[in-house]
1. Among the residues of segment 321-340, write down those that are touching a Phe, Trp or Tyr at 6+ places or on another chain (Cβ under 9 Å) and either under 22 Å from N297 (Cα atoms) or in a helix (DSSP H, G or I) (or both).
2. Conditions first: (1) on the phi > 0 side of the Ramachandran plot; (2) touching a His at 6+ places or on another chain (Cβ under 8 Å). G174 passes all but one, so which condition is the exception?
3. When the residues of segment 108-162 are narrowed to those that are in contact with an Asp or Glu (Cβ under 7 Å, 6 or more places away or on another chain) and small (G, A, S), which ends up farthest from L176 (Cα to Cα)?
4. Looking only at segment 253-281, which residues are hydroxyl-bearing (S, T, Y) and touching a His at 6+ places or on another chain (Cβ under 9 Å)?
5. Only one of these is outside any helix (DSSP H, G or I), farther than 24 Å from P238 by Cα and not aromatic (F, W, Y): K296, K309. Name it.
6. Suppose we filter E221, E209 for residues that are acidic (D, E) and in contact with a Leu (Cβ under 6 Å, 6 or more places away or on another chain); which single one remains?
7. Name the single residue that is surrounded by the fewest Cβ atoms within 10 Å (Cβ to Cβ) among those in segment 77-125 being modelled with pLDDT of 80 or more, more than 16 Å from A47 (Cα to Cα) and in contact with a strand residue (DSSP E or B) (Cβ under 6 Å, 6 or more places away or on another chain).
8. Report the residue count in segment 26-62 for those that are open to solvent by less than 60 Å² (accessible area, probe 1.4 Å), polar (S, T, N, Q) and under 23 Å from T318 (Cα atoms).
Amino acid sequence: TGRLPHGEVLTPVFMPVGTQGTIKGLSSEDMHSLGCKILLGNTYHLANRPTCELLRKCGGLHTFMHWDGNILTDSGGYQMVSLLKLAEITEAGVEFEDPKNEGSRMLLTPEKSIESQNDIGADIIMALDDCISSTVTDTARIEEATWRTIRWIDRCISAHRNPQRQNLFGIVQGHLNEKLREWSLGEMIKRDLPGYAIGGLSGGEAKNEFWRVVEQCTRPESGLPANKPRYLMGVGYPLDIVVCVALGVDMFDCVYPCRTARFGTALVRTGTLRLTSNEFASDYRPLEPGREGPLKNYSRAMLHTIVTKESAAASMITLHNLHFMLSLLLEMRDAIRAQEFPAWVRRFLQEFFPTAKPAPCSFCPPRWVKDALAACNIELDDIFDWSEGAVELPDMPRDHSKESKESKESKES
């Protein structure tokens, strides 16, 4: 349990991303109705619009967006990766070109990032780190980013003017290099911060590399302290979250559930439903038969009719996807509290990959999942066929309409 200025947050927790003070298509009241306790805002975008000066004058982002729950703001460092062609990185900080205002530049230093986040008033604020893509291969650049991130955390600590009200988290870097991660971990832990993030992942690295970095950063004795929040930045696929909770991660955020909703894709316990597909035109079942949710009375056929055509559809599916994510994390918390988490993980995987069965079977979940869960003593050999001939299913399997499945089975027989 995390005790923050705007209430307790039970972990593990997923934080919806409200880039500029709102979850696209939803109100703060909608977020309350979902039981959301903490959401994320983006310092870079908030500094550009509505500006930190305006937020400071109105009493901070909580007042501005009429939200009495908790807020985490990122530092703006991620834009080094996402807007790299618009940025120049030096020891002083990061100079960005405003993509919405050609010719306008802004220098984001560690001090300025903290000043902006102090003005925004978030409950958790993130240190500015030198964030590079996990696919970068330049060893000198990787080392420079790792060392600079530690130098910058000290500048962030010195600049922080509200340590009693706002919790400053540091970010562990080190790319995919075990030795650099080990050094970054040790240096960051020395700072004895309220919490820590695992940075530099979800940038295109192989999943076998991804989970090993997470495991190293959460490993008992040598990893981040178990009595402080451990935040894995930018991870939002349900499968990734389940595995990383098993490894010891407490906090997650990602735009994926909301962004994919705007393209007409709903998240369900058997993967994704691409409601734009014609196969759902006459599928009158609810999104998830037998499960509660904000869209439990709407058919797939109805949603198929309006997705990408009516603005209400994006809001509706966003509401559903966030309910799905928050409910998933609630289930995990209940299973952990009941000391039944390993059994819960096994059931989740069997439901998420319904075509994968015990041997003999032609399909299996992604093999990185087996390896990662074995590292935390959750065995899967008895429920799936991991033989060499079994075809790995995708991390985000696609569900289909009942009619489509029956038609395919009829043709195969």
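The values are calculated or read from the model by the stated rules, or taken from the named source; none is laboratory data. Worth saying up front: this structure is predicted, and the values here are computed from it rather than measured. Cβ sites come from the backbone with ideal geometry, for glycine too, and all protein chains shown count toward neighbours. Ligands, DNA and RNA are excluded from the accessible area calculation, which covers all protein heavy atoms including side chains. Shrake-Rupley method; radii C 1.70, N 1.55, O 1.52, S 1.80 Å.
1. Of segment 321-340, the ones touching a Phe, Trp or Tyr at 6+ places or on another chain (Cβ under 9 Å) are 321-322, 325-326, 328-329, 331-332, 334-336, 338.
Once the filter is applied, which keeps residues that are touching a Phe, Trp or Tyr at 6+ places or on another chain (Cβ under 9 Å) and either under 22 Å from N297 (Cα atoms) or in a helix (DSSP H, G or I) (or both), segment 321-340 yields N321, L322, M325, L326, L328, L329, E331, M332, D334, A335, I336.
2. Here G174 clears every test but (2).
3. A159
4. The initial filter retains those residues of segment 253-281 that are hydroxyl-bearing (S, T, Y), namely 256, 260, 265, 270, 272, 276-277.
Hits for segment 253-281 are T276, S277.
5. Numbers: K296 fails: farther than 24 Å from P238 by Cα.
It is K309.
6. Details: E221 fails: in contact with a Leu (Cβ under 6 Å, 6 or more places away or on another chain).
Residue meeting the stated conditions: E209.
7. That would be E88.
8. The first filter runs over segment 26-62 and keeps only residues open to solvent by less than 60 Å² (accessible area, probe 1.4 Å), leaving 26-28, 30-31, 34-36, 38-48, 50-52, 55, 58-62.
So of that shortlist, the ones also polar (S, T, N, Q) come out as 27-28, 42-43, 48, 51.
Filter once more, so that each one left must be under 23 Å from T318 (Cα atoms): 27-28, 42-43.
So the answer is 4.
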